[in-house]
Amino acid sequence: MTLEPPVREALVARLTAMADDELILGHRDSEWTGHAPILEEDIALANIAQDEIGHALLWLEARRELDGSDPDALVFGRGAGDWRNVRLVELPKGDWAFTMVRQFLFDVFECELLSRLRHSRHVPLAEAAAKAAREEVFHLRHSGLWVRRLAGGTAESARRVGAAVDLAWPYLPQLLAPQPGDALLVEAGIVPSPAEVGAAAREHIATTFSELGVAPPDVPPNPGGRERHSEALVALLIDMQAVARADPAAEAW
Amino acid sequence: MAAERAGVVEDPARLEAFEARIERGEKIEPGDWMPEAYRRQLVRIISQHAHSEIVGMLPEGAWITRAPSLRRKLILIAKVQDEAGHGQYLYHAAETLGVDRGELIAALLEGRAKYSSVFNYPTLTWADVGMIGWLVDGAAIRNQLMLAQCSYGPYSRAMVRICAEETFHHKQGKEMVLTYAAGTPSQRAMAQDALERWWWPSLMMLGPHDSDSPNTPQLARWRVKTKTNDEVRQEFVDEHVPELLDAGLSVPDSDLHVDRASGHWVHGAIDWDEFWAVVRGNGPVNAERLAARRKAHEDGRWVREALAAYAARAAAATP
Amino acid sequence: MTAHSDARGDTQWPRWEVFKQDTEGSPHRAVGSVHAADAEHALLMARSVYARRPAAVSLWVAPSESVYARTAEQLQEGTVVADAPATTEPARRYLAFRKTSHRRAMTFVDFAGEVSAAGPDAAVAAARRAFPEPPALAWWVVPAAAVTASPEAEAEAWFEPAKGKTYKQQAEYGTLAAGRRRKGQTR
């Protein structure tokens with residue numbers, strides 16, 4: 001499928017945004033390795049982190065096929081202002097409740113997105129989505145189990161779930177919102193309608209929260225597009241890129 | 001031959017039959033008769049091994065967020081994940097001997113349990129991650145291959161599973177160091193510096209000299225340990241020195257030489273004072289390691305309680 | 001859950017024995033255990049702990065306390081296992097697992113088949129009759145009702161992704177020797 005330049009440009013931007021979401025989320029998940037509440041969960045969350053980073057690679061490889069860009073150069077060379085992830089994933093990992101609630105919100109969205117993206121007219125994207133969708137089934141089981149158990153566990157765990165939802169909720173609209181190039185991509189049959197994905201995700205979240213007696217706060221969305229970031233991302237990137245940036249002449253790591 | 005120490009005098013006929021089983025190469029399984037000393041030694045060895053894996057997650061875990069390429073990032077998360085997994089398999093083996101995992105963990109966090117001294121050294125650069133994979137895991141593999149022959153079934157099985165996974169750790173570490181040794185001046189210097197700090201700790205990791213290891217003869221008799229510390233250390237040195245030299249690195253031991261008669265590499269004297277200081281808790285980062293584990297455990301308390309409460313409620317609700 | 005809590009109410013959760021089936025047609029094998037809060041959680045943990053590398057097509061978990069174990073030595077000596085459950089229930093299904101070799105391995109007992117019995121001792125006896133060859137070195141019997149299986153319909157999602165993580169397979173690394181390394185290895 002040959003792409004018209006505006007469509008290709010929109011797809012490059014969309015793939016970058018998807019990769020950035022996964023990479024930053026996977027990075028936050030990986031911060032728990034060695035510090036999880038119990039040994040088995042150290043192992044489980046490390047797997048999820050690898051999956052997310054693997055998805056980032058899938059999207060960046062798909063982008064490389066379009067514009068020849070190098071995944072490592074993008075990940076280790078861009079400053080905060082050039083990243084296009086949603087702010088939800090750059091928020092610090094917080095406590096276990098926050099990590100699981102954030103993961104749950106993202107997993108619900110991803111499941112709705114990927115199940116539709118598997119039918120993309122852009123074959124490399126459809127294939128990558130099929131691979132990622134498989135892993136998302138497991139992610140949603142895991143984060144869904146945790147949100148359910150913590151909401152219905154002890155008074156303290158329920159309180160922490162409430163606090164986590166309060167913190168995450170203003171950032172959810174950005175995740176579900178259309179991106180600048182989406183209209184072109186939807187028309188070309190490359191990505192599903194963001195309105196459709198967003199509505200399905202919202203319904204899934206609402207149903208789960210209602211079952212669990214979790215009431216999201218009535219608050220305005222955190223404003224701004226994907227080019228706007230918090231200081232948390234600055235600190236994250238300084239740490240993440242330090243080794244690579246210290247030796248720019250290095251050809252291999 | 002009566003068993004010693006704990007004052008337990010084992011039934012001589014039982015003991016003879018037990019030792020005959022081991023002689024025949026049979027595995028002792030949970031539920032089988034075993035001398036108290038065998039059980040006690042195994043609990044000690046297995047739990048120390050488990051603790052080492054858990055604490056061992058920390059020195060490299062700190063560098064996960066800084067891995068300088070996507071591939072290295074994935075690899076390092078997988079490696080540290082494996083270390084958690086290895087701790088898990090080992091705690092399981094200890095549990096088959098009737099000990100409770102919560103109690104083992106409490107012993108570690110309260111400073112009552114030992115773990116491998118090598119993890120009480122700091123990781124100061126990215127190259128340390130590679131050097132740990134190559135040398136520390138290289139030493140561990142030698143040890144684990146030997147322990148896979150252990151007469152106690154659950155420990156042997158844990159070792160076989162761990163050996164299968166550890167080879168990846170060793171190879172990716174070697175790949176990293178070879179890359180840096182052949183890379184930019186900065187990368188080469190980083191690799192050399194890492195070697196200088198990890199060479200002796202890796203040698204010491206294989207334990208005191210045989211002359212200072214009182215447990216070894218009995219452990220050998222019961223096929224818990226089938227090689228001595230010095231034997232394993234020699235294997236480690238013979239394997240790794242030529243490869244390090246090939247890579248253009250310089251081993252920080254001015255006495256290192258080949259013994260013409262045997263063909264073995266002979267290393268210089270180990271500074272055992274440092275080893276004992278580190279084992280006893282005075283190493284560079286002993287306190288930090290345990291503090292990190294304590295924090296993770298404390299921070300996780302409400303989580304463990306919450307799931308237990310949920311499960312209890314669900315069980316009560318089920319007819 | 002006081003049986004699994006300490007004085008401060010802390011817990012590592014109960015243990016669940018894990019059985020993994022490597023391929024269609026091979027038996028489920030005991031691979032170890034996981035600490036988890038309930039059966040569903042135990043399955044998710046079992047997949048992370050025991051199936052993060054290939055190969056697997058199915059996992060079973062059962063509470064460790066539901067497993068009744070007897071070694072050949074115990075059977076020979078007629079040793080009464082101190083905490084053996086009483087034989088008061090009507091006959092029910094038990095899954096029987098056995099170890100038949102002293103060969104070094106990473107798994108313990110293999111699934112032999114199902115028996116119907118009125119209690120765990122009877123189940124072991126029934127299993128020895130039903131599966132006499134080769135002679136077993138150890139037996140496990142577990143009430144079928146205590147076993148939870150990974151969802152068959154999701155087997156692809158649970159077990160296929162592990163195959164793609166080649167960066168954690170030692171075979172991926174081949175023979176490593178000193179020499180120049182090139183950039184661009186992103187997978």
**Request:** Those residues that are over 16 Å from the mean Cα position of the chain (by Cα), of a type in the set (Ser, Thr, Tyr) and surrounded by 23 or more Cβ atoms within 10 Å (Cβ to Cβ), I need them from the range A:1-58; list them, please.
**Result:** A:THR33
**Fill in**
Taking first residues from the range B:1-15 that are at pLDDT below 60 and exposed (fewer than 12 other Cβ atoms within 10 Å of the Cβ) and second residues anywhere that are part of a loop (DSSP other than H, G, I, E, B) and not polar (S, T, N, Q), the pairs with Cβ under 7 Å that are 6 or more apart or on different chains are B:ALA2/B:VAL9; B:ALA2/B:GLU10
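Hey, can you tell me all the residues within the range C:92-127 that are among the charged types (D, E, K, R), touching a residue at least 12 places away in the same chain (Cβ under 8 Å) and not in a strand (DSSP E or B)?
C:ASP121
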**Request:** Collect the residues in the range B:152-169 that are of a type in the set (Gly, Ala, Ser) and either crowded, with 21+ Cβ neighbours inside 10 Å or more than 8 Å from every other protein chain (Cβ to nearest Cβ) (or both), keeping them in residue-number order.
**Result:** B:GLY153, B:SER156, B:ALA158
**Message:** Can you pull out every residue in the range B:23-43 that is of a type in the set (Gly, Ala, Ser) and closer than 14 Å to C:ALA138 by Cβ?
**Reply:** B:GLY31
**Item:** Only one of A:ALA244, A:ALA206, A:ALA200 that is closer than 26 Å to B:ARG71 by Cα and at pLDDT 95 or above
**Value:** A:ALA244
**Prompt:** In this structure, does A:ALA244 turn out to be within 19 Å of A:HIS27 (Cα to Cα), out of contact with any helix residue (DSSP H, G or I) (no Cβ under 9 Å at 6 or more places or on another chain), of a type outside the set (Val, Ile, Thr) and within 13 Å of chain B (Cβ to nearest Cβ)?
**Reply:** no
**Message:** Name the single residue that is surrounded by the fewest Cβ atoms within 10 Å (Cβ to Cβ) among those in the range B:41-80 being more than 14 Å from B:GLY173 (Cα to Cα) and of a type in the set (Gly, Ala, Ser).
**Reply:** B:ALA62
**Message:** Can you confirm whether A:ARG149 is of a type outside the set (Ser, Thr, Tyr), facing chain B (nearest Cβ under 9 Å), surrounded by 22 or more Cβ atoms within 10 Å (Cβ to Cβ) and without any contact (Cβ under 8 Å) to a residue 40 or more places away in the chain?
**Reply:** yes
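So that you can scan it fast, the table gives a plain yes or no per residue for (1) at pLDDT 95 or above; (2) surrounded by 22 or more Cβ atoms within 10 Å (Cβ to Cβ); (3) within 13 Å of the chain's Cα centre (by Cα); (4) of a type outside the set (D, E, K, R):
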{"residue": "C:PHE19", "(1), (2), (3), (4)": "yes, yes, yes, yes"}
{"residue": "C:THR23", "(1), (2), (3), (4)": "yes, no, no, yes"}
{"residue": "C:LEU43", "(1), (2), (3), (4)": "yes, yes, yes, yes"}
{"residue": "C:ALA46", "(1), (2), (3), (4)": "yes, yes, yes, yes"}
{"residue": "C:SER64", "(1), (2), (3), (4)": "yes, no, yes, yes"}
{"residue": "C:TYR68", "(1), (2), (3), (4)": "yes, no, no, yes"}
{"residue": "C:THR79", "(1), (2), (3), (4)": "no, no, no, yes"}
{"residue": "C:PRO85", "(1), (2), (3), (4)": "no, no, no, yes"}
{"residue": "C:PHE97", "(1), (2), (3), (4)": "yes, yes, yes, yes"}
**Item:** The one condition in (1) over 23 Å from the mean Cα position of the chain (by Cα); (2) crowded, with 18+ Cβ neighbours inside 10 Å; (3) not small (Gly, Ala, Ser) that B:GLU83 fails to fulfil
**Value:** (1)
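A:HIS229 - would you say it is within 18 Å of the chain's Cα centre (by Cα), touching a residue at least 24 places away in the same chain (Cβ under 8 Å) and surrounded by fewer than 22 Cβ atoms within 10 Å (Cβ to Cβ)?
Values: within 18 Å of the chain's Cα centre (by Cα): yes; touching a residue at least 24 places away in the same chain (Cβ under 8 Å): yes; surrounded by fewer than 22 Cβ atoms within 10 Å (Cβ to Cβ): no.
No: the conditions fail for A:HIS229.
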**Qualifying residue in the range B:236-248 (condition: on the phi > 0 side of the Ramachandran plot and exposed (fewer than 15 other Cβ atoms within 10 Å of the Cβ))** = yes
**Message:** Condition (residue is farther than 25 Å from B:GLY207 by Cα, within 14 Å of chain A (Cβ to nearest Cβ), touching a Ser or Thr at 6+ places or on another chain (Cβ under 6 Å) and surrounded by 14 or more Cβ atoms within 10 Å (Cβ to Cβ)) applied to the range B:290-297: is it met by at least one residue?
**Reply:** no
**Item:** Given (1) within 13 Å of chain A (Cβ to nearest Cβ); (2) not in a helix (DSSP H, G or I), number of the condition B:ILE77 does not satisfy
**Value:** (2)
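Report yes if B:GLY268 is in contact (Cβ under 8 Å) with a residue 40 or more places away in the chain, small (Gly, Ala, Ser) and away from chain A (no Cβ under 14 Å), otherwise no.
Working: in contact (Cβ under 8 Å) with a residue 40 or more places away in the chain: no; small (Gly, Ala, Ser): yes; away from chain A (no Cβ under 14 Å): yes.
No, not satisfied.
Tell me yes or no: at least one residue of the range B:30-39 is within 11 Å of chain A (Cβ to nearest Cβ), touching a residue at least 60 places away in the same chain (Cβ under 8 Å) and assigned to a helix (DSSP H, G or I).
Taking the range B:30-39 first, the residues within 11 Å of chain A (Cβ to nearest Cβ) are none.
Checking the range B:30-39: not a single residue is within 11 Å of chain A (Cβ to nearest Cβ), touching a residue at least 60 places away in the same chain (Cβ under 8 Å) and assigned to a helix (DSSP H, G or I).
Of everything in the range B:118-151, what is assigned to a helix (DSSP H, G or I) and within 18 Å of B:LYS225 (Cβ to Cβ)? Give them in sequence order. Write out each step before concluding.
Residues of the range B:118-151 that are assigned to a helix (DSSP H, G or I), as a first pass: B:118-120, B:126-147.
Scanning the range B:118-151 gives B:ALA139, B:ALA140, B:ILE141, B:ARG142, B:ASN143, B:GLN144, B:LEU145, B:MET146, B:LEU147.
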**Complete:** Note on the range A:160-210: residues surrounded by fewer than 18 Cβ atoms within 10 Å (Cβ to Cβ) and of a type in the set (Val, Ile, Thr) are A:VAL186, A:THR207, A:THR208
**Request:** Being crowded, with 21+ Cβ neighbours inside 10 Å and not aliphatic (A, V, I, L, M) is the filter here, so list the residues in the range B:193-206 that pass it.
**Result:** B:TRP198, B:TRP199, B:PRO201, B:SER202
**Message:** Restricting to the range C:25-41, and then to whatever is more than 11 Å from the chain's Cα centre (by Cα) and surrounded by fewer than 20 Cβ atoms within 10 Å (Cβ to Cβ), can you tell me which residue is modelled with the lowest pLDDT?
**Reply:** C:GLY25
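Examine the range B:95-113 for a residue that is under 22 Å from B:VAL237 (Cβ atoms), more than 8 Å from every other protein chain (Cβ to nearest Cβ) and either part of a loop (DSSP other than H, G, I, E, B) or touching an Asp or Glu at 6+ places or on another chain (Cβ under 9 Å) (or both), and state whether such a residue exists.
No: zero hits.
Conditions (1) closer than 30 Å to C:TRP13 by Cα; (2) assigned to a helix (DSSP H, G or I); (3) more than 9 Å from chain B (Cβ to nearest Cβ); (4) basic (Lys, Arg), marked per residue:
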{"site": "A:ALA46", "(1), (2), (3), (4)": "yes, yes, no, no"}
{"site": "A:ALA56", "(1), (2), (3), (4)": "no, yes, no, no"}
{"site": "A:ASP72", "(1), (2), (3), (4)": "no, yes, no, no"}
{"site": "A:PHE106", "(1), (2), (3), (4)": "yes, yes, yes, no"}
{"site": "A:PHE109", "(1), (2), (3), (4)": "no, yes, yes, no"}
{"site": "A:ALA129", "(1), (2), (3), (4)": "no, yes, yes, no"}
{"site": "A:PHE138", "(1), (2), (3), (4)": "yes, yes, yes, no"}
**Request:** Note down all Cβ pairs under 6 Å where the first residue falls in the range A:153-171 and is farther than 16 Å from A:PRO92 by Cβ, the second is buried (at least 17 other Cβ atoms within 10 Å of the Cβ) and not hydrophobic (A, V, I, L, M, F, W, C), and they're at least six residues apart or on different chains.
**Result:** A:GLY153/B:TYR310; A:THR154/B:GLU305
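Looking only at helices (runs of 4 or more DSSP H) that lie completely in the range B:177-263, which have at least 2 residues being among the hydrophobic types (A, V, I, L, M, F, W, C) and in contact with a Leu (Cβ under 9 Å, 6 or more places away or on another chain)? Full working, then the answer.
Working: elements: B:185-205, B:216-221, B:229-246.
It comes to B:185-205, B:229-246.
Out of A:LEU233, A:LEU167, A:LEU185, A:LEU172, report the one residue that is of a type outside the set (Lys, Arg), within 14 Å of chain B (Cβ to nearest Cβ) and assigned to a helix (DSSP H, G or I). Please lay out each step first, then the result.
Values: A:LEU167 fails: within 14 Å of chain B (Cβ to nearest Cβ); A:LEU185 fails: within 14 Å of chain B (Cβ to nearest Cβ); A:LEU172 fails: within 14 Å of chain B (Cβ to nearest Cβ).
Matching residue, one of A:LEU233, A:LEU167, A:LEU185, A:LEU172: A:LEU233.
The values are calculated or read from the model by the stated rules, or taken from the named source; none is laboratory data. Only a predicted model underlies this, so the values are computations on that prediction, with no experimental measurement involved. Glycine gets a Cβ as well: all are built from the backbone with ideal geometry, and neighbour counts include every protein chain shown.
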